[in-house]
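Below is one structure, written out as structure tokens; the observations come after it.
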Amino acid sequence: MRFKRPKIAIIGAGHTGATIALMVAQKEIGDIVLVDIPDLEMPAKGKALDILQTSPIEKFNVHIIGTANYQEIEHADIVVITAGIARKPGMTREDLIQTNASIIRSVSEHVKCYAPNSYVIVLSNPVDAMTYVCLETTGFSKNRVMGQSGILDTARFNTFIAEALHLSVEDVTSFVLGGHGDEMVPLVSYTYIGGIPLEKMLSKAQIEQLVERTRKGGGEIVELLGNGSAYFAPAASIVKMIEAIVKDKRRVMPVIAYLQGDYHVHNACIGVPVVLGGNGIESVIELHLNEAEQKAFANSVHAVYRTLEYIK
Ligand code: APR
């Protein structure tokens, strides 16, 4: 019997796309097609070949190519979209939204045409809105189109908590919900360290500082890098989602999902806890939020609706 390796297409072979490709290869999750625009086809091919030549050293057995030809993504099981541009000097936030929305529309048309049965994970920012654009353009069912933000935001929150307590990150569990912006909602009441509530280990003021740093976590990295945005942790977050789907893990994760009434959200894509498995988003988990969390979540949803207004 011949077993098929999953095929993972990554659109956008920039910092995040290439890092995802390397991580997917090292974990032998599947074969990889790295796609970029025709002008950047050579760098995409170069990155793919460089990763392939890592395989005899790291001992992984997957195939990887770089291309500008969308036909190569045919029959992909998973498509990750990292394509887009970063904000340039003089560009307004609204300009950026519209530019990236048109990139995501064009990429999604290709995905619809060449990989009509794929599960699609969007990373391009503003990711809540770009996930919506992808869902709308592909017309795929809502379990097959999702965005990444909550795994990354939760990882940032967990990192800061572990550092503050001088304890292992392995024992910290939490959830960050809502849109991927300054209004995101780190759920303090669902945060535990080895089963002990965070609120019993740090003062309110200390927790508030960690929450604020998490909300500004992306900006902190942008400032430190001086050029570009975070890509190691975003790539690792995407890889967790790919693994959950191709290995049918049924993991409980914060994922950007299309909501039609869940959490009182209608017709928008927002970060919520879901079960992620072989059918993509298997279900949305409704958590009980306290009054402050409900207010913060509503505020975050409002910010996402405002962004959506620019592209609807
Ligand atoms: N088709 C394919 N690739 C495209 C397209 C397109 N239409 N338009 C742009 N790209 C490619 C760019 O050529 C570039 O190689 O997308 C890539 C983006 O890579 P980077 O600029 O290195 O950006 P990166 O740091 O990887 O971030 C990608 O993820 O976290 C988000 O905010 C971030 O939206 C950004 C995205």
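Read the figures in this text as sums done on the coordinates, not as results from a lab. Please read all numbers here as calculations on a predicted model, not as lab measurements. Positions of Cβ are generated from backbone atoms using ideal geometry, with glycine treated the same way; all protein chains shown enter the neighbour counts.
The protection proxy used here, the mean number of other Cβ atoms lying within 10 Å of each residue, ranks peptides 49-57, 278-286 as follows, highest first: 278-286, 49-57.
Distance between the modelled labels on GLN26 and CYS113, one decimal in nanometres: 3.5 nm (7 Å Cα→Cβ projection). In this Cβ point-charge picture (+1 for Lys and Arg, -1 for Asp and Glu), the chain has a dipole of about 480 debye about its Cα centre.
When shorter helices are ignored and each DSSP H run of at least 4 residues is given -39500 (n - 2.57), the per-residue value for the chain at 222 nm works out to -13500 deg cm²/dmol. Taking amide H as placed 1.01 Å from N in the peptide plane, the amide H of VAL122 sits under 5 Å from that of ILE81, MET146, GLY147, GLN148, each at least 5 places away or on another chain. Across the range 71-86, computed HN-Hα scalar couplings (Karplus, 6.51 cos²θ - 1.76 cosθ + 1.60, θ = phi - 60°) run 4, 5, 8, 3, 6, 4, 7, 10, 10, 10, 10, 10, 5, x, 10, 8 Hz from first to last residue, x flagging Gly and Pro. In loop segments of the range 36-140 as defined by DSSP, the GluC sites (Glu not before Pro) with at most 16 further C-beta atoms inside 10 Å of their C-beta are GLU74.
Using the average count of surrounding beta-carbon atoms within 10 Å as a protection proxy, the listed peptides 156-164, 59-67 rank, highest first, as 156-164, 59-67. Distant-in-sequence amide contacts of ILE32, defined by a placed amide H-H separation under 5 Å and a gap of 5 or more residues or a different chain, comprise ILE8, HIS63, ILE64, ILE65. Neighbour counts of other Cβ atoms within 10 Å put SER124, SER229 in the fewest-to-most order SER229, SER124.
Karplus-derived 3J(HN,Hα) values for the range 206-217, using 6.51 cos²θ - 1.76 cosθ + 1.60 with θ = phi - 60°, are 5, 5, 4, 4, 5, 4, 4, 5, 5, 4, 9, x Hz; glycine and proline are entered as x. Name the long-range amide H neighbours of VAL176: under 5 Å, sequence gap of 5 or more, or other chain; modelled H, no Pro or chain starts. For VAL176, the qualifying residues are THR154, LEU187. The C-alpha atoms of the chain define a longest principal axis, and helix 232-246 lies at about 70 degrees to it. Please list, in order, the residues from the range 268-295 whose amide nitrogen is less than 17 Å from a point placed 7 Å along the Cα→Cβ vector of GLN209. Correct set: none at all. Please go through the residue pairs LYS45/LYS247; LYS112/LYS312; LYS88/LYS295; LYS142/LYS249; LYS4/LYS27 and name each one whose alpha carbons sit more than 24 Å apart in this structure. With Cα atoms farther than 24 Å apart: LYS45/LYS247; LYS88/LYS295. Couplings for the range 104-112, taken from phi via the Karplus curve 6.51 cos²θ - 1.76 cosθ + 1.60 with θ = phi - 60°, read 5, 4, 5, 4, 5, 4, 5, 5, 4 Hz in order; Gly and Pro are left as x. Between ALA236 and VAL169, the contour length at 0.36 nm per residue exceeds the alpha carbon distance by 22.6 nm. For a Förster distance of 35 Å, can you work out the FRET efficiency between the beta-carbons of TYR310 and MET42, rounded to the nearest 0.05? With a Förster radius of 35 Å, E is 0.55.
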